[in-house]
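Step one of this worksheet: look at the structure below.
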Amino acid sequence: MERDYPMGRLTRRRFIVTASTVAGTMSLGSRLGLADAPHNGPGNLKLWYTKPASQWVDALPIGNGRLGAMVYGGGALEPLDPKAPKSDHELGPVPTDPARETLVLNEDTLWSGSPVDGNNHGAKDYLPAVRKAVLVEKDYHKADELCRKIQGLFAESFQVMGSLHVDCKHAGQVTEYRRELDLASAIAATRYKAGDVEFERTAFSSAPDQAIVLRIAAGKPGELNATIWMDGALVKGVEALGGNRLLLTGKAAKHIAGAGHPGSENPVVLSDTPGEGMYYAAALEARVEGGRVSAHENKLVVEGATVCTVLVTAATGYRGFELKPDTPQAQVSAHAGKQLDAALKLNYTALRQRHLADYRRLFERVSLKLGPDTAASLPTDERLANFAASPDPSLLALYFQYGRYMLISSSRPGSQPANLQGIWNYQVQPPWSCNWTSNINIQMNYWPAETCNLSDLTEPLITLVKDLSKTGARAAEETYALPGWVAHHNIANLRESSRITLQHPKFF
(Lines give C-alpha, C1' and ligand atoms only; values in the text may rest on other atoms or scores of the structure.)
Protein backbone atom coordinates (compact mmCIF):
# COMPACT_ATOMS: atom_id res chain seq x y z
CA MET A 1 0.00 0.00 0.00
CA GLU A 2 1.38 3.40 -0.94
CA ARG A 3 1.23 6.28 1.48
CA ASP A 4 2.09 9.89 0.69
CA TYR A 5 4.41 11.48 3.23
CA PRO A 6 5.17 15.18 3.18
CA MET A 7 8.49 15.07 1.33
CA GLY A 8 6.41 16.02 -1.72
CA ARG A 9 4.04 14.66 -4.28
CA LEU A 10 5.95 11.39 -4.88
CA THR A 11 4.70 8.31 -3.07
CA ARG A 12 7.20 6.38 -1.03
CA ARG A 13 7.23 3.48 -3.50
CA ARG A 14 7.79 5.70 -6.53
CA PHE A 15 10.57 7.55 -4.73
CA ILE A 16 12.34 4.32 -3.81
CA VAL A 17 12.14 3.03 -7.38
CA THR A 18 13.63 6.25 -8.75
CA ALA A 19 16.19 6.44 -5.96
CA SER A 20 17.36 2.90 -6.62
CA THR A 21 18.21 3.84 -10.19
CA VAL A 22 20.38 6.73 -9.04
CA ALA A 23 22.01 4.78 -6.21
CA GLY A 24 22.93 2.04 -8.65
CA THR A 25 25.20 4.45 -10.55
CA MET A 26 27.40 4.98 -7.46
CA SER A 27 30.30 2.83 -6.28
CA LEU A 28 29.56 0.57 -3.32
CA GLY A 29 31.82 2.50 -0.97
CA SER A 30 30.30 5.83 -1.91
CA ARG A 31 26.78 4.43 -1.84
CA LEU A 32 27.08 3.11 1.71
CA GLY A 33 29.22 5.96 3.02
CA LEU A 34 31.45 3.51 4.90
CA ALA A 35 34.83 5.08 4.21
CA ASP A 36 34.95 7.46 7.18
CA ALA A 37 31.33 7.51 8.45
CA PRO A 38 31.17 11.33 8.21
CA HIS A 39 28.70 13.21 10.39
CA ASN A 40 25.76 14.77 8.59
CA GLY A 41 26.05 18.52 8.29
CA PRO A 42 23.10 20.74 9.25
CA GLY A 43 22.19 21.59 5.68
CA ASN A 44 21.38 18.09 4.49
CA LEU A 45 19.15 17.23 7.45
CA LYS A 46 16.39 19.70 6.68
CA LEU A 47 13.20 19.40 4.68
CA TRP A 48 12.28 22.93 3.65
CA TYR A 49 9.74 24.75 1.49
CA THR A 50 8.93 28.26 0.28
CA LYS A 51 5.19 28.21 0.92
CA PRO A 52 2.81 26.87 3.60
CA ALA A 53 1.26 23.42 3.39
CA SER A 54 -2.03 23.65 1.52
CA GLN A 55 -3.18 20.19 2.62
CA TRP A 56 -2.48 17.68 5.38
CA VAL A 57 -0.01 15.50 3.45
CA ASP A 58 2.21 18.54 2.82
CA ALA A 59 2.46 19.50 6.51
CA LEU A 60 5.50 18.58 8.61
CA PRO A 61 5.21 15.94 11.38
CA ILE A 62 6.43 16.26 14.95
CA GLY A 63 5.90 13.66 17.67
CA ASN A 64 7.16 12.17 20.92
CA GLY A 65 5.66 8.68 20.53
CA ARG A 66 2.41 9.63 22.29
CA LEU A 67 1.65 13.20 21.19
CA GLY A 68 1.86 14.15 17.53
CA ALA A 69 1.10 17.17 15.37
CA MET A 70 1.22 18.09 11.70
CA VAL A 71 2.61 21.62 11.36
CA TYR A 72 1.30 23.49 8.32
CA GLY A 73 3.39 26.64 8.51
CA GLY A 74 0.24 28.56 7.58
CA GLY A 75 -3.53 28.45 7.80
CA ALA A 76 -6.42 28.23 5.38
CA LEU A 77 -7.81 31.57 4.21
CA GLU A 78 -11.28 30.11 4.68
CA PRO A 79 -10.96 27.32 7.30
CA LEU A 80 -13.17 24.30 6.69
CA ASP A 81 -15.86 23.52 9.21
CA PRO A 82 -14.36 20.45 10.96
CA LYS A 83 -17.84 19.09 11.66
CA ALA A 84 -19.05 19.36 8.07
CA PRO A 85 -19.44 15.90 6.48
CA LYS A 86 -17.26 16.78 3.49
CA SER A 87 -14.36 18.23 5.48
CA ASP A 88 -13.27 14.84 6.79
CA HIS A 89 -12.44 13.80 3.24
CA GLU A 90 -11.21 17.17 1.99
CA LEU A 91 -7.63 16.77 0.74
CA GLY A 92 -7.09 20.26 -0.64
CA PRO A 93 -5.14 22.04 -1.74
CA VAL A 94 -6.67 25.19 -0.32
CA PRO A 95 -5.48 28.83 -0.39
CA THR A 96 -3.34 29.60 2.65
CA ASP A 97 -2.15 32.57 4.71
CA PRO A 98 1.49 32.31 5.92
CA ALA A 99 0.74 34.65 8.85
CA ARG A 100 -1.49 31.95 10.33
CA GLU A 101 -0.47 28.63 11.83
CA THR A 102 -2.26 25.28 12.05
CA LEU A 103 -1.27 22.22 14.04
CA VAL A 104 -3.45 19.10 13.69
CA LEU A 105 -3.17 17.25 17.02
CA ASN A 106 -3.08 13.54 17.81
CA GLU A 107 -2.77 11.37 20.94
CA ASP A 108 -1.88 7.75 20.37
CA THR A 109 -4.59 6.13 22.56
CA LEU A 110 -7.51 8.09 21.03
CA TRP A 111 -9.50 5.46 19.10
CA SER A 112 -13.16 4.79 18.46
CA GLY A 113 -15.05 1.94 20.11
CA SER A 114 -14.86 -0.09 23.28
CA PRO A 115 -13.95 -3.74 24.01
CA VAL A 116 -16.37 -6.18 22.37
CA ASP A 117 -16.18 -9.81 21.34
CA GLY A 118 -15.78 -9.41 17.60
CA ASN A 119 -15.35 -13.10 16.87
CA ASN A 120 -17.99 -14.95 14.84
CA HIS A 121 -18.91 -17.83 17.14
CA GLY A 122 -20.51 -19.74 14.29
CA ALA A 123 -17.41 -19.50 12.10
CA LYS A 124 -16.00 -22.94 12.89
CA ASP A 125 -19.25 -24.57 11.73
CA TYR A 126 -18.43 -23.51 8.16
CA LEU A 127 -14.78 -24.62 8.13
CA PRO A 128 -15.43 -28.21 6.99
CA ALA A 129 -17.43 -26.92 4.01
CA VAL A 130 -14.68 -24.40 3.17
CA ARG A 131 -12.02 -27.12 3.24
CA LYS A 132 -14.15 -29.40 1.07
CA ALA A 133 -14.79 -26.64 -1.48
CA VAL A 134 -11.07 -25.89 -1.74
CA LEU A 135 -9.44 -29.30 -1.39
CA VAL A 136 -12.00 -31.67 -2.87
CA GLU A 137 -14.32 -29.74 -5.17
CA LYS A 138 -11.72 -27.16 -6.31
CA ASP A 139 -14.58 -24.66 -6.34
CA TYR A 140 -12.83 -21.52 -5.18
CA HIS A 141 -15.78 -19.20 -5.81
CA LYS A 142 -17.88 -21.35 -3.52
CA ALA A 143 -15.10 -21.32 -0.92
CA ASP A 144 -14.94 -17.56 -1.16
CA GLU A 145 -18.65 -17.24 -0.47
CA LEU A 146 -18.44 -19.64 2.45
CA CYS A 147 -15.48 -17.74 3.94
CA ARG A 148 -17.63 -14.66 4.15
CA LYS A 149 -19.77 -16.47 6.71
CA ILE A 150 -16.85 -16.69 9.14
CA GLN A 151 -16.07 -12.97 9.20
CA GLY A 152 -16.31 -11.06 12.46
CA LEU A 153 -16.46 -7.37 13.38
CA PHE A 154 -14.21 -4.77 11.78
CA ALA A 155 -11.45 -3.14 13.84
CA GLU A 156 -11.99 0.41 15.12
CA SER A 157 -10.25 3.61 13.94
CA PHE A 158 -7.55 5.96 15.18
CA GLN A 159 -9.14 9.37 15.77
CA VAL A 160 -8.11 13.00 15.34
CA MET A 161 -8.05 15.06 18.53
CA GLY A 162 -8.48 18.50 16.99
CA SER A 163 -6.52 21.47 15.67
CA LEU A 164 -4.64 24.37 17.19
CA HIS A 165 -4.84 27.64 15.23
CA VAL A 166 -2.83 30.84 15.60
CA ASP A 167 -3.85 33.84 13.52
CA CYS A 168 -1.17 36.56 13.56
CA LYS A 169 -1.99 40.12 12.52
CA HIS A 170 0.67 42.05 10.62
CA ALA A 171 0.71 45.53 9.15
CA GLY A 172 2.90 44.57 6.20
CA GLN A 173 2.87 41.89 3.54
CA VAL A 174 4.62 38.57 4.21
CA THR A 175 7.91 38.11 2.33
CA GLU A 176 11.01 35.86 2.54
CA TYR A 177 8.89 32.93 3.69
CA ARG A 178 10.47 29.58 4.61
CA ARG A 179 9.22 26.57 6.57
CA GLU A 180 11.37 23.60 7.50
CA LEU A 181 11.71 20.44 9.53
CA ASP A 182 15.17 19.96 11.02
CA LEU A 183 15.76 16.23 11.46
CA ALA A 184 18.81 16.94 13.62
CA SER A 185 16.67 18.64 16.27
CA ALA A 186 13.10 17.41 15.59
CA ILE A 187 11.96 21.04 15.44
CA ALA A 188 9.65 22.48 12.80
CA ALA A 189 10.16 26.16 12.07
CA THR A 190 8.49 28.86 9.98
CA ARG A 191 10.24 32.17 9.26
CA TYR A 192 9.20 35.24 7.29
CA LYS A 193 9.18 39.01 7.28
CA ALA A 194 6.10 41.22 7.52
CA GLY A 195 7.05 44.73 6.57
CA ASP A 196 10.43 45.23 8.23
CA VAL A 197 9.80 42.83 11.11
CA GLU A 198 11.08 39.25 11.17
CA PHE A 199 8.85 36.57 12.66
CA GLU A 200 9.64 32.97 13.66
CA ARG A 201 7.44 30.09 14.78
CA THR A 202 9.06 26.93 16.15
CA ALA A 203 7.30 23.73 17.25
CA PHE A 204 8.39 20.46 18.82
CA SER A 205 6.84 17.57 20.74
CA SER A 206 8.74 16.90 23.95
CA ALA A 207 9.05 13.33 25.22
CA PRO A 208 10.60 14.26 28.60
CA ASP A 209 7.82 16.73 29.39
CA GLN A 210 4.96 15.19 27.37
CA ALA A 211 3.90 18.45 25.77
CA ILE A 212 3.73 20.07 22.35
CA VAL A 213 5.56 23.40 22.46
CA LEU A 214 4.92 26.23 19.98
CA ARG A 215 6.94 29.45 20.25
CA ILE A 216 6.05 32.56 18.22
CA ALA A 217 8.56 35.41 18.25
CA ALA A 218 8.78 38.86 16.69
CA GLY A 219 12.11 40.42 15.75
CA LYS A 220 11.07 43.77 17.28
CA PRO A 221 9.54 44.35 20.72
CA GLY A 222 5.77 44.60 20.91
CA GLU A 223 5.07 43.53 17.29
CA LEU A 224 3.32 40.23 18.01
CA ASN A 225 -0.48 40.32 17.89
CA ALA A 226 -2.39 37.05 17.47
CA THR A 227 -5.52 35.06 18.23
CA ILE A 228 -5.19 31.48 19.49
CA TRP A 229 -8.07 29.02 19.19
CA MET A 230 -8.88 25.31 18.86
CA ASP A 231 -11.50 23.21 17.07
CA GLY A 232 -12.10 19.68 15.80
CA ALA A 233 -14.62 17.29 14.29
CA LEU A 234 -15.10 15.36 17.55
CA VAL A 235 -14.80 18.34 19.87
CA LYS A 236 -17.63 18.90 22.34
CA GLY A 237 -16.45 22.26 23.58
CA VAL A 238 -13.58 24.69 24.08
CA GLU A 239 -13.59 26.95 27.14
CA ALA A 240 -11.24 29.56 28.54
CA LEU A 241 -9.87 28.91 32.02
CA GLY A 242 -8.51 32.12 33.48
CA GLY A 243 -6.94 34.64 31.14
CA ASN A 244 -4.42 32.48 29.31
CA ARG A 245 -5.62 28.86 29.26
CA LEU A 246 -7.97 26.87 26.99
CA LEU A 247 -9.49 23.46 27.63
CA LEU A 248 -10.71 21.41 24.67
CA THR A 249 -12.97 18.45 25.42
CA GLY A 250 -14.33 15.80 23.09
CA LYS A 251 -15.50 12.24 22.69
CA ALA A 252 -14.41 9.59 20.21
CA ALA A 253 -16.96 7.76 18.10
CA LYS A 254 -18.74 4.69 19.43
CA HIS A 255 -18.01 2.90 16.14
CA ILE A 256 -16.40 3.61 12.77
CA ALA A 257 -17.26 1.36 9.84
CA GLY A 258 -13.84 0.80 8.35
CA ALA A 259 -12.71 0.44 4.76
CA GLY A 260 -13.84 -2.91 3.41
CA HIS A 261 -17.39 -2.58 4.70
CA PRO A 262 -19.15 -1.28 1.59
CA GLY A 263 -22.73 -0.13 1.79
CA SER A 264 -22.57 1.09 5.35
CA GLU A 265 -25.34 3.65 5.74
CA ASN A 266 -24.04 4.93 9.07
CA PRO A 267 -20.23 4.85 8.94
CA VAL A 268 -19.75 7.05 12.03
CA VAL A 269 -21.76 6.19 15.14
CA LEU A 270 -21.60 8.76 17.93
CA SER A 271 -22.87 8.25 21.46
CA ASP A 272 -23.15 10.34 24.62
CA THR A 273 -23.07 7.23 26.83
CA PRO A 274 -19.86 6.94 28.90
CA GLY A 275 -17.66 4.13 27.61
CA GLU A 276 -19.21 4.09 24.15
CA GLY A 277 -16.26 5.96 22.71
CA MET A 278 -13.73 7.53 25.08
CA TYR A 279 -13.63 11.08 26.39
CA TYR A 280 -10.52 13.14 25.73
CA ALA A 281 -9.10 16.56 26.53
CA ALA A 282 -6.36 18.94 25.39
CA ALA A 283 -5.14 21.66 27.73
CA LEU A 284 -3.38 24.75 26.34
CA GLU A 285 -1.70 27.69 28.01
CA ALA A 286 -0.09 30.75 26.38
CA ARG A 287 2.56 32.86 28.10
CA VAL A 288 3.96 36.08 26.67
CA GLU A 289 7.07 38.19 26.99
CA GLY A 290 5.99 41.79 26.78
CA GLY A 291 2.41 42.76 25.96
CA ARG A 292 -0.45 40.76 27.37
CA VAL A 293 -2.67 37.76 26.73
CA SER A 294 -6.36 37.64 27.61
CA ALA A 295 -9.35 35.38 27.06
CA HIS A 296 -12.21 36.41 24.78
CA GLU A 297 -14.97 33.80 24.95
CA ASN A 298 -13.28 30.56 23.80
CA LYS A 299 -10.16 32.17 22.30
CA LEU A 300 -6.96 33.76 23.59
CA VAL A 301 -5.85 37.14 22.27
CA VAL A 302 -2.19 38.22 22.35
CA GLU A 303 -1.55 41.97 22.10
CA GLY A 304 1.71 43.91 21.85
CA ALA A 305 3.93 40.96 22.76
CA THR A 306 7.45 40.10 21.62
CA VAL A 307 7.30 36.35 22.28
CA CYS A 308 4.42 33.95 22.95
CA THR A 309 5.03 30.38 24.09
CA VAL A 310 2.11 27.95 23.79
CA LEU A 311 2.12 24.56 25.54
CA VAL A 312 -0.41 21.79 24.78
CA THR A 313 -0.94 18.57 26.72
CA ALA A 314 -3.56 15.86 26.20
CA ALA A 315 -5.25 12.91 27.87
CA THR A 316 -7.86 10.29 26.97
CA GLY A 317 -10.14 7.85 28.75
CA TYR A 318 -8.22 4.81 27.47
CA ARG A 319 -7.63 2.33 30.33
CA GLY A 320 -6.11 -0.59 28.44
CA PHE A 321 -7.26 -2.93 25.72
CA GLU A 322 -9.30 -5.15 28.05
CA LEU A 323 -11.13 -2.37 29.91
CA LYS A 324 -14.02 -0.15 28.91
CA PRO A 325 -12.78 3.40 28.20
CA ASP A 326 -15.29 4.99 30.54
CA THR A 327 -13.09 7.39 32.50
CA PRO A 328 -15.27 10.45 33.22
CA GLN A 329 -14.62 13.65 31.27
CA ALA A 330 -13.76 15.59 34.44
CA GLN A 331 -11.04 13.10 35.34
CA VAL A 332 -9.61 13.12 31.82
CA SER A 333 -9.57 16.92 31.76
CA ALA A 334 -7.89 17.06 35.16
CA HIS A 335 -5.18 14.67 33.94
CA ALA A 336 -4.43 16.88 30.94
CA GLY A 337 -4.33 19.91 33.25
CA LYS A 338 -1.86 18.26 35.62
CA GLN A 339 0.43 17.43 32.73
CA LEU A 340 0.28 21.05 31.63
CA ASP A 341 1.05 22.33 35.12
CA ALA A 342 4.10 20.06 35.29
CA ALA A 343 5.46 21.20 31.92
CA LEU A 344 4.91 24.88 32.81
CA LYS A 345 7.37 24.59 35.70
CA LEU A 346 10.08 24.85 33.03
CA ASN A 347 10.78 27.85 30.82
CA TYR A 348 11.09 27.56 27.05
CA THR A 349 14.87 27.26 27.09
CA ALA A 350 14.75 24.34 29.53
CA LEU A 351 11.95 22.60 27.60
CA ARG A 352 13.93 22.90 24.37
CA GLN A 353 17.18 21.68 25.93
CA ARG A 354 15.49 18.64 27.50
CA HIS A 355 13.79 17.85 24.20
CA LEU A 356 17.05 18.08 22.25
CA ALA A 357 18.98 15.91 24.71
CA ASP A 358 16.31 13.21 24.63
CA TYR A 359 15.89 13.21 20.86
CA ARG A 360 19.56 13.40 19.93
CA ARG A 361 20.51 10.39 22.06
CA LEU A 362 18.42 8.38 19.58
CA PHE A 363 18.90 10.21 16.30
CA GLU A 364 22.67 10.71 16.49
CA ARG A 365 23.40 6.99 16.73
CA VAL A 366 23.66 6.79 12.93
CA SER A 367 25.04 9.16 10.29
CA LEU A 368 25.00 8.74 6.53
CA LYS A 369 26.58 10.82 3.78
CA LEU A 370 26.02 10.14 0.08
CA GLY A 371 27.78 12.57 -2.17
CA PRO A 372 27.98 16.37 -1.93
CA ASP A 373 25.27 18.43 -0.24
CA THR A 374 25.08 21.15 -2.89
CA ALA A 375 21.43 20.46 -3.71
CA ALA A 376 20.44 21.09 -0.08
CA SER A 377 20.25 24.79 -0.99
CA LEU A 378 17.14 23.99 -3.05
CA PRO A 379 13.66 23.51 -1.53
CA THR A 380 12.88 19.86 -0.93
CA ASP A 381 9.96 19.78 -3.35
CA GLU A 382 12.23 21.11 -6.11
CA ARG A 383 14.83 18.44 -5.33
CA LEU A 384 12.14 15.78 -5.66
CA ALA A 385 10.90 17.22 -8.93
CA ASN A 386 14.46 17.25 -10.32
CA PHE A 387 15.44 13.87 -8.90
CA ALA A 388 15.02 11.66 -11.97
CA ALA A 389 16.79 14.07 -14.32
CA SER A 390 19.47 15.29 -11.90
CA PRO A 391 20.92 12.59 -9.63
CA ASP A 392 20.92 13.84 -6.04
CA PRO A 393 22.44 11.15 -3.79
CA SER A 394 22.36 13.41 -0.73
CA LEU A 395 18.55 13.36 -0.99
CA LEU A 396 18.72 9.61 -0.41
CA ALA A 397 20.61 10.22 2.82
CA LEU A 398 17.96 12.75 3.85
CA TYR A 399 15.22 10.24 3.04
CA PHE A 400 17.01 7.56 5.05
CA GLN A 401 17.21 9.82 8.09
CA TYR A 402 13.62 10.94 7.60
CA GLY A 403 12.55 7.31 8.02
CA ARG A 404 14.48 7.08 11.29
CA TYR A 405 12.98 10.39 12.39
CA MET A 406 9.44 9.13 11.75
CA LEU A 407 10.00 6.02 13.87
CA ILE A 408 11.56 8.00 16.73
CA SER A 409 8.61 10.39 16.61
CA SER A 410 5.86 7.76 16.57
CA SER A 411 7.13 4.86 18.70
CA ARG A 412 8.65 5.18 22.16
CA PRO A 413 8.75 2.75 25.09
CA GLY A 414 5.34 2.94 26.78
CA SER A 415 3.54 4.39 23.76
CA GLN A 416 1.30 2.65 21.26
CA PRO A 417 3.15 1.22 18.23
CA ALA A 418 3.51 3.29 15.07
CA ASN A 419 0.28 2.75 13.13
CA LEU A 420 -0.40 3.02 9.39
CA GLN A 421 0.20 6.78 9.54
CA GLY A 422 2.71 6.74 12.39
CA ILE A 423 0.90 8.86 14.94
CA TRP A 424 -0.59 11.46 12.57
CA ASN A 425 -4.18 11.62 11.34
CA TYR A 426 -6.66 14.40 10.54
CA GLN A 427 -9.78 12.31 9.85
CA VAL A 428 -12.58 10.67 11.80
CA GLN A 429 -12.72 8.04 9.04
CA PRO A 430 -9.05 7.63 8.11
CA PRO A 431 -7.88 5.37 5.25
CA TRP A 432 -7.66 1.72 6.33
CA SER A 433 -8.84 2.92 9.77
CA CYS A 434 -5.29 4.18 10.46
CA ASN A 435 -4.78 0.98 12.43
CA TRP A 436 -2.09 -1.73 12.44
CA THR A 437 -2.16 -3.96 9.36
CA SER A 438 -0.20 -7.04 10.29
CA ASN A 439 0.15 -8.64 6.86
CA ILE A 440 2.98 -6.18 6.01
CA ASN A 441 2.54 -2.56 7.07
CA ILE A 442 3.40 -2.72 10.74
CA GLN A 443 6.50 -4.70 9.82
CA MET A 444 7.49 -2.00 7.34
CA ASN A 445 7.19 0.68 10.02
CA TYR A 446 9.75 -1.16 12.13
CA TRP A 447 12.24 -2.09 9.43
CA PRO A 448 14.51 0.82 10.51
CA ALA A 449 14.55 -0.28 14.16
CA GLU A 450 17.16 -3.04 14.28
CA THR A 451 19.10 -2.05 11.16
CA CYS A 452 19.28 1.66 12.03
CA ASN A 453 20.27 1.41 15.72
CA LEU A 454 16.82 2.05 17.18
CA SER A 455 16.16 -1.33 18.79
CA ASP A 456 14.67 0.14 21.96
CA LEU A 457 11.84 1.65 19.94
CA THR A 458 10.42 -1.83 19.23
CA GLU A 459 9.04 -2.08 22.78
CA PRO A 460 5.52 -0.92 21.78
CA LEU A 461 5.42 -3.53 19.00
CA ILE A 462 6.55 -6.31 21.33
CA THR A 463 3.90 -5.26 23.86
CA LEU A 464 1.28 -5.32 21.10
CA VAL A 465 2.21 -8.90 20.22
CA LYS A 466 1.98 -9.95 23.86
CA ASP A 467 -1.48 -8.38 24.11
CA LEU A 468 -2.57 -10.12 20.91
CA SER A 469 -1.61 -13.48 22.36
CA LYS A 470 -4.49 -12.99 24.82
CA THR A 471 -7.20 -11.80 22.46
CA GLY A 472 -5.81 -14.12 19.79
CA ALA A 473 -6.24 -17.19 21.94
CA ARG A 474 -9.97 -16.51 22.12
CA ALA A 475 -10.09 -15.88 18.37
CA ALA A 476 -8.31 -19.16 17.59
CA GLU A 477 -10.72 -21.20 19.71
CA GLU A 478 -13.92 -19.38 18.74
CA THR A 479 -13.17 -19.06 15.02
CA TYR A 480 -11.18 -22.20 14.23
CA ALA A 481 -11.60 -24.46 17.30
CA LEU A 482 -7.82 -24.62 17.52
CA PRO A 483 -5.28 -24.12 20.32
CA GLY A 484 -2.62 -21.41 20.32
CA TRP A 485 -3.46 -17.91 19.19
CA VAL A 486 -4.18 -16.15 15.93
CA ALA A 487 -4.07 -12.57 14.67
CA HIS A 488 -5.79 -11.42 11.53
CA HIS A 489 -4.56 -8.55 9.46
CA ASN A 490 -6.37 -5.55 10.99
CA ILE A 491 -5.66 -4.61 14.60
CA ALA A 492 -6.67 -1.56 16.63
CA ASN A 493 -5.87 -0.35 20.16
CA LEU A 494 -8.38 -2.87 21.55
CA ARG A 495 -6.16 -5.65 20.12
CA GLU A 496 -8.95 -7.11 18.00
CA SER A 497 -8.09 -10.51 16.56
CA SER A 498 -11.37 -11.28 14.79
CA ARG A 499 -11.42 -12.33 11.16
CA ILE A 500 -12.74 -9.32 9.26
CA THR A 501 -11.81 -9.97 5.64
CA LEU A 502 -10.56 -12.80 3.46
CA GLN A 503 -6.90 -12.17 4.23
CA HIS A 504 -4.88 -15.13 5.47
CA PRO A 505 -4.52 -15.47 9.26
CA LYS A 506 -1.18 -15.79 11.01
CA PHE A 507 -1.00 -18.68 13.54
CA PHE A 508 1.47 -18.77 16.46
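The values are calculated or read from the model by the stated rules, or taken from the named source; none is laboratory data. Being a predicted model, the structure only gives us computed values, none of them experimental. Cβ placement follows ideal geometry from the backbone for every residue including glycine, while neighbour counts extend to all protein chains displayed. With ligands, DNA and RNA removed, areas are computed over all heavy atoms of the protein, side chains included. Shrake-Rupley method; radii C 1.70, N 1.55, O 1.52, S 1.80 Å.
Taking the longest Cα principal axis of the chain as reference, the axis of helix 393-410 is set at about 70 degrees. Of 308, 147, the residue with the largest accessible area leads and the full order is 147, 308 (1.4 Å probe).
Starting from a Cα-only point model with no solvent, please compute log10 I(q)/I(0) by Debye for the chain at q = 0.06, 0.07, 0.10 1/Å. Taken in order of the listed q values, log10 I(q)/I(0) reads -0.30, -0.41, -0.81. Bridgeable aspartates and glutamates around residue 251 (alpha carbons under 17 Å apart, same-chain partners fewer than 8 residues away excluded): 88, 107, 108, 156, 231, 239, 272, 276, 326.
Rounded to the nearest 20, the Cβ-based charge dipole of the range 285-373 about its Cα centre (Lys and Arg +1, Asp and Glu -1) stands at 320 debye. Using the Cβ-Cβ distance between residue 377 and residue 299 with R0 set to 60 Å, the FRET efficiency works out to roughly 0.90. Accessible surface for the range 317-408, divided over its residues, is 46 Å² per residue with a 1.4 Å probe. If one takes the longest principal axis of the Cα atoms in the chain, at what angle in degrees, from 0 to 90 and to the nearest 10, does the Cα axis of helix 12-23 lie? Around 70 degrees separate the two axes. Available extension along the chain between residue 354 and residue 121 is 78.8 nm, counting 0.36 nm per residue and deducting the alpha carbon span. Report summary: the helix-based calculation at 222 nm, which adds -39500 (n - 2.57) for every DSSP H run with n ≥ 4 and divides by the residues of the chain, gives -7000 deg cm²/dmol.
Spacing of the modelled spin labels on residue 81 and residue 466, each 7 Å from Cα toward Cβ, amounts to 4.7 nm.
If R0 is 35 Å, the Cβ-Cβ spacing of residue 439 and residue 474 corresponds to a FRET efficiency of close to 0.95.
Taking 0.36 nm per residue of sequence separation and subtracting the Cα-Cα distance, how much length would be gained by fully extending the chain between residue 365 and residue 481, in nm to one decimal? Intermediate results must be reported in sequence, preceding the final value.
On the way: separation 116, 0.36 × 116 = 41.76 nm, distance 4.71 nm.
Extra length available between residue 365 and residue 481 comes to 37.1 nm.
Listed by chain and number, the lysines whose C-alpha is less than 18 Å from the C-alpha of residue 46, apart from same-chain residues fewer than 8 away, are 369.
In a fully extended conformation the segment linking residue 331 and residue 220 would gain 35.8 nm over its present Cα-Cα distance, using 0.36 nm per residue.
Mind scanning 149/254; 220/338; 324/470 and naming the pairs with a C-alpha gap bigger than 27 Å? Could the numbers behind the result be given before it?
On the way: 149/254 25 Å; 220/338 34 Å; 324/470 16 Å.
Over 27 Å apart, Cα to Cα: 220/338.
Between residue 236 and residue 193, the simple label model (points 7 Å from Cα in the Cβ direction) yields a spacing of 4.9 nm.
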